[in-house]
1. I'm trying to understand the selection: among the residues of the stretch 85-105, which are within 14 Å of ligand 2 (Cβ to nearest atom) and either part of a loop (DSSP other than H, G, I, E, B) or over 17 Å from Ala57 (Cα atoms) (or both)?
2. Can you tell me which residues in the stretch 11-44 are in a loop (DSSP other than H, G, I, E, B), more than 19 Å from the chain's Cα centre (by Cα), surrounded by fewer than 14 Cβ atoms within 10 Å (Cβ to Cβ) and not basic (Lys, Arg)?
3. What is the residue count in the stretch 49-59 for residues that are surrounded by fewer than 21 Cβ atoms within 10 Å (Cβ to Cβ) and over 15 Å from Glu145 (Cα atoms)?
4. (1) open to solvent by 90 Å² or more (accessible area, probe 1.4 Å); (2) part of a loop (DSSP other than H, G, I, E, B): which one isn't true of Ala115, the others all being true?
5. Mind checking which residues of the stretch 71-88 are under 14 Å from the mean Cα position of the chain (by Cα) and surrounded by 19 or more Cβ atoms within 10 Å (Cβ to Cβ)?
Amino acid sequence: MDPFTCLICGEPYLGKSAPDRCPFCGAHEMHLVPSSMYVDVGAVELSEQSRKDCQEALQLELKNQSFYKCAADNAENELTRAIFKRLSKQEAEHAELLCDLMGIDEPEPPAAECADSDVENFKTAGGKEKNAANFYLQVAARAPESRVKEVFRAISDIESEHLKLSNIYGGNS
Ligand SMILES: [Fe+2]
Ligand SMILES: [Fe+2]
């Protein structure tokens, strides 16, 4: 068992080899390094625009975290419950990492509503994830800080994977 640490969320993982995705934030395996090589970047000095973008990203993540929690609570079977539960935890991890980047305490997620139907919730999720993936690409392009670019690009990729998953289960594939 060796420890690997995610360069995006900073969470360590113990296993025989690095997983193909960070089990916490969902980042691609290229962001996982042996823990002995990891350096914690912590909070970053942010431009005014990047601080605004991080705040908007945080609100998006908190809303999506609550939406997926609701969808998991209403799930029709264990398979869809597992997917919604993991998506909620990944969005929570994204919210936490944005707070770390800004050097602020994490706010409570807002209350969220969702449908009783898994297909409906995956369709809603598809819209949310498409929006999130595009938003992160846009803000990554204008961020002057290399760490902010790295984080936004990595999260955009993760949200794109969530979009693929939502399309498969929402019948849009
Ligand atoms: Fe991660
Ligand atoms: Fe996210």
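The values are calculated or read from the model by the stated rules, or taken from the named source; none is laboratory data. Because the structure is predicted, anything quoted here is derived from the model rather than measured. Every residue, glycine among them, receives a Cβ derived from its backbone with ideal geometry; neighbour counts consider all protein chains shown. All accessible areas refer to the heavy atoms of the entire protein, side chains included, with ligands and DNA or RNA removed. Shrake-Rupley method; radii C 1.70, N 1.55, O 1.52, S 1.80 Å.
1. The one that is within 14 Å of ligand 2 (Cβ to nearest atom) and either part of a loop (DSSP other than H, G, I, E, B) or over 17 Å from Ala57 (Cα atoms) (or both): Arg86.
2. Those that are in a loop (DSSP other than H, G, I, E, B), more than 19 Å from the chain's Cα centre (by Cα), surrounded by fewer than 14 Cβ atoms within 10 Å (Cβ to Cβ) and not basic (Lys, Arg): Ser17, Val39.
3. 3
4. (1)
5. Ile83, Phe84, Leu87, Ser88, listed by residue number.
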